[in-house]
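The values are calculated or read from the model by the stated rules, or taken from the named source; none is laboratory data. In this text the structure is predicted, and so the values were computed from the model without any measurement. Glycine gets a Cβ as well: all are built from the backbone with ideal geometry, and neighbour counts include every protein chain shown. Just so you know, the surface numbers come from the protein's heavy atoms only, side chains and all, with ligands and any DNA or RNA stripped out. Shrake-Rupley method; radii C 1.70, N 1.55, O 1.52, S 1.80 Å.
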Amino acid sequence: MLKTALVTTRDYARHFAGRSHPERPERIEAMIEMTETMHRDGLIHHLPREATTEEISLCHDPAYIAMVARTRAFDRFDFDPDTHASRDSYRTAMLAAGGVLTAVEAVLDGAADNAFAMVRPPGHHALPDRAMGFCFFNNVAIAAAWLVKHRGLKRVMIVDWDVHHGNGTQEMFYESPEVLYVSTHQYPHYPGSGSLHEIGAGAGEGYTINVPMPADFGDDEYLRVFDDFILPVGRRFQPEFVLVSAGFDCHWRDPLAQMRVTEDGFEAMARRTKKLAAECCEGKMVAALEGGYDLEALVNSARAVLGEMGRYADEPIHAAREGSAVMPIVERAFRNVGRFWNLA
Ligand SMILES: [Zn+2]
């Protein structure tokens, strides 16, 4: 089995967004309970470290970081109608960003082949100067910027399969050719961005790739998008590290969206991402938890991904079945960004 670092802590339950809020402490408690009963060889438990303010400032404005820090003084602080902080939210958010960095460090240092950072609060909606969509600091974006700025990487790929578009991540690297951001998401849906025409700008033109998909798409459609589009682009890009914004809210049970992905689908997406990493960068891959609001779906899907991350990548991948509904979308995405990647 491959060695997978599992980075998590019960301290991630200390951020409280409000009674009956879907992004709730029980999410992390259920995940930890699952990992405690999961017997997988090569699973190594790591405790997360806190990110430093300097690391957070790789992606966020100092004034905004200070504003989030000030919420420590309040039982409740509302950033927007969805995004609420409690007294422990700032520290938990620092620990979430640091958790992804801990996972990245474990892979870079050779302590693990790959890693899963089971963190909360999530990050991919967080903008440089604004909390939104349950997110405060953009955990995965900070890890990508850290790899570029602190470790000198030239090519980092982010695969975001959360059902929502990662508008924060997109914005942070919109003009950067060093970070390739690829997102599959339900569209139109929250937060509204992520159309086919958002492809990056300036030196980053072509390095933002959106695959907006209508409701009711499931495993066949997602895997077609991976096989026909995401993997070919990834092979051209030749990432030196692959990060996954692993949201499990495109699961068919999820209450916040209308996609139909199953546990098998998440496992297959993880297999493809792992294979890409194996081909390009000795398997260096870190998945970080984003959304996923049905506890049963969350736990079962994360278990499937964790199991898959332990398997050697040279197993054959069965090509996705024909998901004909998806072809016009893949073709349009090809038309918009294919020219940047020599995809005919
Ligand atoms: Zn989401």
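Counting only GluC sites (Glu not before Pro) that DSSP places in a loop and that have at most 15 other Cβ atoms within 10 Å, the longest clean stretch of the chain runs over 1-174. Here the relative contact order of segment 4-340, from alpha carbon pairs under 8 Å that lie six or more residues apart, stands at 18 percent. Suppose R0 equals 30 Å. What FRET efficiency, 1/(1 + (r/R0)^6) with r the Cβ-Cβ distance, do residue 26 and residue 216 give to the nearest 0.05? Plugging the Cβ-Cβ distance into 1/(1 + (r/R0)^6) gives 0.60. Annotation: lysines with alpha-carbon distance below 18 angstrom to residue 149 (same-chain offsets under eight excluded): 284. Checking every one of the trypsin sites (Lys or Arg not before Pro) in segment 1-58 against DSSP loop status and a limit of 12 other Cβ atoms within 10 Å picks out 19. Between the C-alpha center of segment 48-98 and that of segment 273-320 there is a gap of 28 Å. For segment 224-306, the relative contact order works out to 40 percent when only alpha carbon pairs closer than 8 Å and six or more residues apart are counted. Length gained on full extension, residue 88 to residue 57: 9.2 nm, using 0.36 nm per residue less the C-alpha separation.
Model label points for residue 282 and residue 335, set 7 angstrom from Cα along the Cα-to-Cβ axis, are 4.3 nm apart. For segment 215-222, putting each phi into the Karplus relation 6.51 cos²θ - 1.76 cosθ + 1.60 with θ = phi - 60° gives couplings of 4, 6, 6, x, 3, 4, 5, 4 Hz, in residue order, rounded to whole numbers and with x for Gly and Pro. Zone of residue 343 (label point 7 Å along Cα→Cβ, backbone N under 20 Å): which residues in segment 255-281? The answer is 266, 268-281. Scanning the chain for DSSP H helices at least 18 Å long along the axis (C-alpha atoms) with a Kyte-Doolittle mean no lower than 0.5 picks out 89-108, 295-309. Taking a ≥ b ≥ c as the square roots of the Cα gyration tensor eigenvalues, the chain comes out rounded, since a/c falls below 1.5.
Quick check: at a probe of 1.4 Å, how many percent of the accessible area of segment 4-340 sits on carbon and sulfur atoms? Here carbon and sulfur together make up 49 percent of the probe-accessible area.
Full extension of the chain between residue 205 and residue 74 yields a length gain of 43.0 nm, computed as 0.36 nm times the residue separation minus the alpha carbon distance. Considering segment 115-159 at the alpha-carbon level, its Rg and Dmax are found to be 11.4, 31 Å. Using just its DSSP H runs of length 4 or more, each adding -39500 (n - 2.57), the chain gives a mean residue ellipticity at 222 nm of -10500 deg cm²/dmol after division by all residues. Extension gain, residue 197-residue 49: 0.36 nm per intervening residue step, less the Cα-Cα distance, totals 49.5 nm. Scanning the chain for chymotrypsin sites (Phe, Trp or Tyr not before Pro) that sit in a DSSP loop and have at most 14 other Cβ atoms within 10 Å, the longest stretch containing none of them is 75-311.
Using only side-chain charges placed at the Cβ, +1 for Lys and Arg and -1 for Asp and Glu, the dipole size of segment 4-340 relative to its Cα centre rounds to 460 debye.
Within segment 4-340, DSSP assigns beta bridges of which about 10% are antiparallel (rounded to the nearest 5).
Is the shape of segment 233-344 best called rounded, prolate or oblate, per the rule: a/c under 1.5 gives rounded, else a/b larger than b/c gives prolate, else oblate, with a ≥ b ≥ c the square roots of the Cα gyration tensor eigenvalues? Judged from the Cα gyration tensor, segment 233-344 comes out oblate (a/c at least 1.5, b/c at or above a/b). Solvent exposure of segment 4-340, expressed per residue, is 36 Å² of accessible area, with all protein chains present and a 1.4 angstrom probe.
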